[in-house]
Amino acid sequence: MATVERWNVEVDGPLSESALRRKLERLGYRVSRYVYPPGTEFPAHRHEVEKMDAVVAGRFRIVMQGESVGLGLGDAILVPCGAEHSAEVVGNESVISLDAVKRKAYPG
């Protein structure tokens, strides 16, 4: 089952791109910002790292292990290492996404 985290104003405070970035960084992720225009699709693929994809604007649909999940403003989804998933921009608005990759822990 897909793990989606919805922004909670009572816990997380007012939603902004910088607040969402800080939250992901506190969770141990390295964050990059991307803008995907309408019609963008990503075919099924896997990553060799744990990721979270968070939405700052627009709507994204992620299909992971047979489950389709819609993501909107402030939503983030956990993509476990090795999980097959695809994604697409939904509607006529570009998606602004924070792509978060789990930092590796180094001994020492």
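Bear in mind that the values in this text are calculations on the coordinates, not laboratory data. Everything numeric here is computed off the predicted structure, so don't read it as measured data. Heads up, the Cβs are rebuilt from the backbone with ideal geometry, glycines too, and the neighbour counts pull from every protein chain shown.
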_Estimated vicinal HN-Hα couplings, Hz - region 11-19 in sequence order (Karplus 6.51, -1.76, 1.60; Gly, Pro = x)_ = 9, 8, x, x, 7, 8, 4, 5, 5
*So what's Rg/Rh here for the chain, counting alpha carbon atoms and using the Kirkwood radius for Rh?*
0.96
*May I ask you to compute the full-extension gain from Glu5 to Arg103, defined as 0.36 nm times their residue separation minus their alpha-carbon distance, rounded to one decimal in nm?*
33.4 nm
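Mind ranking 74-87, 49-62 by how tightly packed they are, going by the mean number of other C-beta atoms within 10 angstrom, highest first?
49-62, 74-87
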*In whole Å, what is the distance between the alpha-carbon centres of region 50-77 and region 1-47?*
8
*asked:* Give me a comma-separated list of calculated 3J(HN,Hα) values for region 23-32, in order, Karplus coefficients 6.51, -1.76, 1.60 applied at θ = phi - 60°, integers in Hz, x for any Gly or Pro.
replied: 4, 5, 5, 5, 7, x, 10, 9, 10, 10
